[in-house]
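Worksheet: the structure to be examined is printed underneath.
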Amino acid sequence: MNELIDLIDSTKELTPIKKLEPTVRQPEEEIISLSLVQPQFDVQQFPEYVDLKKRIDSAGAVNPYFRLRQGINTDTVLMDGKPYINYSSYNYLGYAGDVQMITAVQEAVAEYGTSVSASRLLSGEIPLHGELEATVSRFVGTEDALVYTAGHATNVSTIAKLVGKDDIVLHDELSHNSLIQGCLLSGAQRVSFPHNDWEALDRILTRTRSHRRRALIVIEGIYSMDGDIPDLPKFIEVKKKHQAMLYIDEAHSIGTIGATGRGICEYHGVSPSEIDILMGTLSKSFSSCGGYAAGSAAMIQFLKYLSDGFIFSAGITPANAAAALAVIQSLEKDPAPVQRLQQNAKLFLEQCKLLGLQTGLSCDTPIIPIIVGGSDRTLQLTEYLYQEGINVYPILYPAVPEEAACVRFFITANHSREQIEWTVKLVAKGIQSLEKEPVMI
């Protein structure tokens, strides 16, 4: 037992912590030679804040961010008392406002309270946690799963624990911030490869693998900027060839692709056992909040006792556990919402193609960017659509190159054919107006 406690208390590396050496003062002449810097002690002095303030001020009334909405985030929302067709929601399957899910949450809160009020390692474990993890692993197709309180923390904590300073981690150049932060925190050699380019990945590993203890390949099930899907079988070939581990972030692919919504493995007809970690979030298709890591029993046991973001965090709330559990159980019984979502996404993309709109790499996913080109033009189009009753958000430089600035649509199972057709026609009209003259705001 003492050995187990010692292991859990080690928050970063399994190597002994070095003893602190007595402070050694630098020679006076060395101190004098150090360059002088202007102290920054107020956030308003930070160059990052100055730049941010300029961007916010330049947007003026056109700033689309942090707009207040009322009601449930579904296919329509109320903003300032006015209804809008909504394309800014991750509520892909429409469960966030489902009466059965709300009832499950209410019952869980009545039984367990609003918080588990402790780390699960200590007194924060409740039966709902185990039920949810068993259900996640069954749905995904792995031996076990571990649930975290946030998707971002899941990626950061899991990646940082899988590799270290003697290892290499290779990620797609379009990886989500949480994946990159996990790579940085790990201390491993970090290498990015061109988007979805498994051949480039193979070449990099051919040069580097023999010099590193572990190699971790990090990709996503659906890339949230472009709405495209990687060629998973090819990445598995590279993983096996170089004896690497494969980590897939399924934040946007679980519940949305595959015949029954089981994600990228089902979409490609691949066994989940081929993947070392299938990560997902609970805040999108599963209408809750949190994240999970799914894999072999050994992998999950490893993370359960050693992953900092799990050990040193309170457990997921009863409400969030109950919501995700109820959604997945409903999907297992009836995947009809998945089929509706896929039909709607296909319809939206087809309508865009018919009207000559540029949708980039998007294919077979509910994420469809319409490329406008130019941040100013894209902001103008966003405001035009908002004035016409459509709530959608822009992706601007520096998140993407200026020529790739776009409005990004998230399609849901609740959208109607009429909403989709009208929206695409309105986007085409707005872009046509921009080409003739700037939209007046």
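Only one of the numbered conditions (1) among the hydroxyl-bearing types (Ser, Thr, Tyr); (2) more than 30 Å from Trp422 (Cβ to Cβ); (3) not assigned by TED's automatic domain parsing to the domain that holds Thr260 is not met by Tyr92, and that is (2).
Would you check if Val136 is buried (at least 23 other Cβ atoms within 10 Å of the Cβ), aliphatic (A, V, I, L, M) and closer than 28 Å to Asn73 by Cβ? Yes: the conditions hold for Val136.
Of the residues Leu381, Leu347, Leu361, the single one that is under 23 Å from Val400 (Cβ atoms), assigned by TED's automatic domain parsing to the domain that holds Glu403 and assigned to a helix (DSSP H, G or I) is Leu381. Residue count for the range 143-175 under the criterion of being closer than 17 Å to Leu121 by Cβ and without any contact (Cβ under 8 Å) to a residue 24 or more places away in the chain: the result is 0. Specify the residue that is surrounded by the most Cβ atoms within 10 Å (Cβ to Cβ); the eligible residues are those in the range 393-421 that are in contact with a Pro (Cβ under 9 Å, 6 or more places away or on another chain), among the β-branched types (Val, Ile, Thr) and at pLDDT 95 or above. So the residue we want is Ile411.
Can you confirm whether Ile5 is in contact with a helix residue (DSSP H, G or I) (Cβ under 8 Å, 6 or more places away or on another chain) and at pLDDT below 95? No, not satisfied. Scoring Ala96 on the criteria (1) in contact with a Gly (Cβ under 8 Å, 6 or more places away or on another chain); (2) within 23 Å of Val407 (Cβ to Cβ); (3) modelled with pLDDT of 95 or more leaves a single failure, condition (1).
Can you say whether Ile229 is in contact (Cβ under 8 Å) with a residue 60 or more places away in the chain, over 24 Å from Ala298 (Cα atoms) and among the hydrophobic types (A, V, I, L, M, F, W, C), as far as the supplied structure shows? In short, yes. So which pairs qualify, if the first residue must be in the range 54-82 and assigned by TED's automatic domain parsing to the domain that holds Gln380, the second must be among the charged types (D, E, K, R) and outside any loop (DSSP other than H, G, I, E, B), the Cβ gap must be under 7 Å, and the two must be at least 6 apart or on different chains? Close Cβ pairs (under 7 Å, with a partner that is among the charged types (D, E, K, R) and outside any loop (DSSP other than H, G, I, E, B)) amount to Val62/Glu383.
Number of residues in the range 59-74 that are exposed (fewer than 11 other Cβ atoms within 10 Å of the Cβ) and in a helix (DSSP H, G or I): the value is 2. Could you please let me know if Val218 is without any contact (Cβ under 8 Å) to a residue 40 or more places away in the chain and either buried (at least 18 other Cβ atoms within 10 Å of the Cβ) or closer than 15 Å to Ser175 by Cβ (or both)? Criteria not met by Val218.
Of the helices (runs of 4 or more DSSP H) that lie entirely inside the range 208-326, not one contains 2 or more residues that are on the phi > 0 side of the Ramachandran plot and touching a Cys at 6+ places or on another chain (Cβ under 9 Å).
The values are calculated or read from the model by the stated rules, or taken from the named source; none is laboratory data. Just so you know, these numbers come straight off a predicted model, no measurement behind them. Positions of Cβ are generated from backbone atoms using ideal geometry, with glycine treated the same way; all protein chains shown enter the neighbour counts.
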